[in-house]
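Participant: I have a structure here, written as structure tokens, and I will follow up with some questions on it.
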Amino acid sequence: MFKGTTILSVRKGSSVVLGGDGQVTFGDTVIKSDAKKIRVLPEYNVLIGFAGATADAFTLFEKLQEFLKNYPDNLLKASVELAKLWRTDRMLRRLEAMIIAVNPEISLMISGTGDVLTREDNILAIGSGAPYAQAAAIALYQETGLTAREIVERSLKIASEICVYTNGVFTIEELSGNERKK
């Protein structure tokens, strides 16, 4: 588990929302409170969130972009190719990060162990606050009529109140059908 962030994705109806907090820590010290850990790839209609070492996450982000150039309409294929490379490449396998990648059709969690995972409930979380945000999102999804965006906002807030490595400065992006909302 990575210490330093919370990234959460919720898919509900025709919307998928990806959000993350802005805290960057170095050991037990807060370095920055408003980092953007969510990236938008509008040319592929994809949102990406990352947790872990910043340089490692950016390396993986760039590699995923390269695979999306080869498979522009197939996020799953691009993600599987990234996971294969990540697992087998001598340099990449040492990277300490995780990614959530979503598009209007699929939500994926990609890890350095070669996993490309999705969940039946369409709720994915990574980072140190992931268990708190995911549990809150599952409860809010099941018990309320909230939108995906409202669930992400409230769940990240709950995680920020519990996890010392998660703060209350959020970046939230939404894909609704083929439209992106900020």
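Participant: Only one of the listed values, [x] 140; [y] 99; [z] 127, was derived from the coordinates as volume of the Cα convex hull per residue in Å³; which label is it?
Facilitator: Only one option fits the structure, namely [y].
Participant: If we count other beta carbons within 10 Å of each Cβ, what is the order of 8, 108, 140, fewest first?
Facilitator: Values: 8 31, 108 24, 140 20.
So the residues, fewest neighbours to most, are 140, 108, 8.
Participant: Each residue of the range 93-99 in order: what ³J(HN,Hα) in whole Hz does its phi give by Karplus 6.51 cos²θ - 1.76 cosθ + 1.60, θ = phi - 60°, with x for Gly and Pro?
Facilitator: For the range 93-99, the Karplus curve yields 5, 8, 5, 10, 7, 9, 10 Hz.
Participant: Hey, what did the range 46-167 get for relative contact order, percent, Cα under 8 Å, at least 6 apart?
Facilitator: Details: 170 pairs, mean separation 25.6, N = 122.
Reported as a whole number, the value is 21 percent.
Participant: Let's test the formula: R0 of 30 Å, r as the Cβ-Cβ distance of residue 135 and residue 32. What FRET efficiency results, to the nearest 0.05?
Facilitator: On the way: r = 27 Å, r/R0 = 0.89.
Approximately 0.65, to the nearest 0.05.
Participant: Something else now. From a point 7 Å beyond the Cα of residue 111 in the direction of its Cβ, which residues of the range 122-137 have a backbone N at a distance under 18 Å?
Facilitator: Residues 122-135 qualify, since their backbone N sits under 18 Å from the label point.
Participant: Starting from the Cα-Cα distance between residue 62 and residue 94, subtract it from 0.36 nm times their residue separation and give me the gain in nm to one decimal.
Facilitator: On the way: separation 32, 0.36 × 32 = 11.52 nm, distance 1.61 nm.
The span from residue 62 to residue 94 would gain 9.9 nm if fully extended.
Participant: Just want to confirm a number: the relative contact order over the range 133-176, from Cα pairs under 8 angstrom separated by 6+ residues, in percent. Don't jump to the answer; show the numbers that get you there.
Facilitator: Working: 27 pairs, mean separation 15.6, N = 44.
Rounded, it is 36 percent for the range 133-176.
Participant: Quick one: compute the contact order of the range 11-70, relative version, from alpha carbon pairs under 8 angstrom and 6+ residues apart, as a percent.
Facilitator: Working: 53 pairs, mean separation 12.8, N = 60.
Value for the range 11-70: 21 percent.
Participant: Enumerate the amide H contacts of residue 167 below 5 Å, restricted to partners 5 or more residues apart or on another chain; note that Pro and chain-start residues carry no placed amide H.
Facilitator: Correct list: 22, 23.
Participant: Work out from phi, with θ = phi - 60° and the Karplus expression 6.51 cos²θ - 1.76 cosθ + 1.60, the ³J(HN,Hα) of each residue of the range 61-68, listed in order in whole Hz, and give x for Gly and Pro.
Facilitator: Residue by residue, the range 61-68 yields 4, 5, 5, 5, 4, 4, 5, 5 Hz.
Participant: Are there any GluC sites (Glu not before Pro) in the range 85-152 that are in a DSSP loop and have at most 16 other Cβ atoms within 10 Å? List them by number.
Facilitator: Values: sites: 96, 105, 120, 143, 150; in loops: 96, 105, 120.
Sparse-neighbourhood loop GluC sites (Glu not before Pro): 96, 105, 120.
A short reminder: the numbers here are calculations on the coordinates, not readings from a lab. From a predicted model like this one, the values you see are computed outputs, not experimental measurements. Every residue, glycine among them, receives a Cβ derived from its backbone with ideal geometry; neighbour counts consider all protein chains shown.
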